[in-house]
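Novice: Below you will find the structure I want to go over with you.
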Amino acid sequence: MKRAACFFTFLYMTASAWAETPQTMDLSGGWKFKSEPAGPMPAWQRAWVADTGWAVLDAGRCWEEQGFVGLDGFAWYRKEINVPVEWAGRPVWLILGAVNDAFNLYCNAQPVNAFGDDSRHSVANIPSLANLQPFLKPGRRNLLALRVYDWGGSGGIWQPPCLLTVDETVIDRFPLLFCHLATDANRIEAVLNLTQLGRNWDRCRVEFSLTEAAT
């Protein structure tokens, strides 16, 4: 019997490139963190929320490794960042290596996008990418907030995040979109969740490759 394996790569390509070296901002440390209590959703994406009493965690490690063993459900991350004024007018990409399991992203209290939705569409092992340029205020302090939902096991931002300012036309084959496959003797089905890229796509190009390996 042979087993088929398929891989989809989202292609976002062009011949032109940004004239300068891409600039990055490490966002690994200094995230304010608090679990969400039962009841209505709090407005913790707002700048006026007092978070001085919140825990401080590193992004890039699950919250269980940082003192929150057994925590499942909703929790919030908040981080203030200073975006250089030189980044004004450029696309500014927030790259999250992996968040366990799903999350809503806010920038300066405005909703950016939702990533993952239920146990069938976790982003625990999938890169998430969002262009924050429409929401940022370069040269001023900006607030990032994530409302993370973990339905069991490890939770939180467990791969390091960063900001990258680079023209969108030079983002080549990033990120790899893993797919849920259903196979039988006659067909292969794949579901691609393009909302991973932080915007709604009405047109895209998908490259498909199929390999077979003996079992």
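Novice: Based on the mean of other beta carbon atoms within 10 Å per residue, what is the order of 25-31, 129-135, most packed first?
Specialist: 129-135, 25-31
Novice: What is the order of Trp76, Trp87, fewest Cβ neighbours within 10 Å to most?
Specialist: If I rank by nearby Cβ atoms, fewest first, I get Trp87, Trp76.
Novice: Can you tell me the order of 146-157, 42-53 when each peptide is scored by its average per-residue count of other Cβ atoms within 10 angstrom, highest first?
Specialist: Result, highest mean Cβ count within 10 Å first: 146-157, 42-53.
Every number in this text was worked out from the coordinates using simple rules, so none of it is lab data. What you are looking at is a predicted structure, and each value in this text was computed from that prediction instead of being measured. Please note: Cβ atoms are built from the backbone with ideal geometry, for glycine as well, and neighbour counts cover all protein chains shown.
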